[in-house]
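Scroll down for the structure; my scribbles are underneath it.
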Amino acid sequence: MTSLMRVHSRLALRTTAASKAPLTSLHRLPVAVASSRSLSHTHAYSTSGSGSSTSAADIISAWKASILKKPVLLERDTVRPQTLQMLLMTLNKSSPTILPSTTTTTTTTANSNNTSFNKGSPLPVNWHHIFFPPMIGEQDLGQDGYEMTHAPPAPFLARMWAGGGVEQNPRNLLRVGQEMVMKTKCTGVDIKQSREGKVMVFVSLEKLIENEHGLALTDTRTLVYMEKDKDGSPVKPKLVKPRRQADITMDVHPTAIQLFRYSALTFNSHRIHFDHEYANNVEDHPACLVHGPLSATLMLEPLRQQLQQRPGKIIKNFRYRALSPLYVDQPIQICAKKMTLIPTMDADVEESYEVWVENPQGGLAMSGTVEVVQEPRS
């Protein structure tokens, strides 16, 4: 390998508070490392002027036609209490019991909680990530250990997590002991250009999870792929401060063991999460990155534990955006604030929250919204 190309690009889009609004910026996913030889044998790609855009359009156009026709990927799994208990133990150091607060800010620290996983108990929101592990052999992974099932061809090897959402079916929640089927498909591929003229490939995925009663959960996510930077000049992420003061906060300190355990639970071999030399020397990060799904799961912990004390209240919708990376051994703060209901929400929504994660500099690393409903009576 003659050289390792590094990714430092970040997309600057307008900042908005609502999760349904346009994305502000994008949290970079780890990139697949490829040698100059492998790139030259994969595609002839021009990087000069308009030729770059034309070649990029040709490459993605051919790939788009095939990926959108790709059969729905079917995967099966079971909501196992042992697996849920292992995730709880992974989160436990940053999963305190939180009491409701309406007038003052409640600050919490690591503690235990009363979560149990008896048969029939509902699956906590966003915990589905630990099921349906990617059944992909090492020889079919990218050189960074990441699975490439829905990734565009080279040279678009720089991945960013733009955002996602989870919607539960209140009348048919996933529950402990149930068998599940997940149907994954690519729902869209779009080509755009950043302000710097870089070609961006937006890949949208939809994951439908069903149990014996039908559709239970919909997971949507958008990934952005770009050509890897060649100049190696780092770009410091823009510091975006929260616009509101939290009602509830929770202090979290991600550790190497926590990241390792989450990688193991999700069968995620992405080196960016456990290989410091790779993260630092190849991708120019100061340390290993906290997983995007783990960050989103942590962001829900205050509300999850609060609602646990209020039987019948469930999270129906959760939408989030990744804004900047979080690193191992750097303290972060999880925040939540109850918001006023608005007419555009579903009629059954009883409570609405803004949730976000602050990095050590006090800037937004991830933000989202949560809608809570009353579980319908059977």
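Brief remarks on what is shown
- Every test in (1) modelled with pLDDT under 90; (2) within 18 Å of the chain's Cα centre (by Cα) is passed by THR297 save one, and that test is (1).
- Exclusive hit being over 26 Å from ASN92 (Cβ atoms) and among the charged types (D, E, K, R), set ASP329, ASP348: ASP348
- Of the criteria (1) within 20 Å of GLN305 (Cα to Cα); (2) at pLDDT 85 or above, which one SER116 fails: (2)
- The range 328-354, residues that are in contact with a helix residue (DSSP H, G or I) (Cβ under 9 Å, 6 or more places away or on another chain), under 30 Å from ASP275 (Cβ atoms) and part of a strand (DSSP E or B): ILE332, ILE334
- Looking only at the range 61-86, and only at residues there that are exposed (fewer than 11 other Cβ atoms within 10 Å of the Cβ) and among the basic types (Lys, Arg), the one that is nearest to LEU215 (Cα to Cα): ARG76
- Selection count, the range 342-378, where residues are acidic (Asp, Glu) and within 17 Å of GLN305 (Cα to Cα): 4
- Residues that are out of contact with any Ser or Thr (no Cβ under 7 Å at 6 or more places or on another chain) and either among the charged types (D, E, K, R) or in a strand (DSSP E or B) (or both), drawn from the range 167-179: GLN168, ARG171
- Of all residues in the range 164-198, those that are buried (at least 18 other Cβ atoms within 10 Å of the Cβ) and modelled with pLDDT under 85 total 0.
- Residues within the range 284-313 that are in contact with an Asp or Glu (Cβ under 8 Å, 6 or more places away or on another chain) and surrounded by fewer than 23 Cβ atoms within 10 Å (Cβ to Cβ), tallied: 3
The values are calculated or read from the model by the stated rules, or taken from the named source; none is laboratory data. Just so it is clear, the model here is predicted, and its values are computed rather than measured. For neighbour counting, all protein chains shown are included, and Cβ atoms are generated from backbone atoms with ideal geometry for every residue, glycine included.
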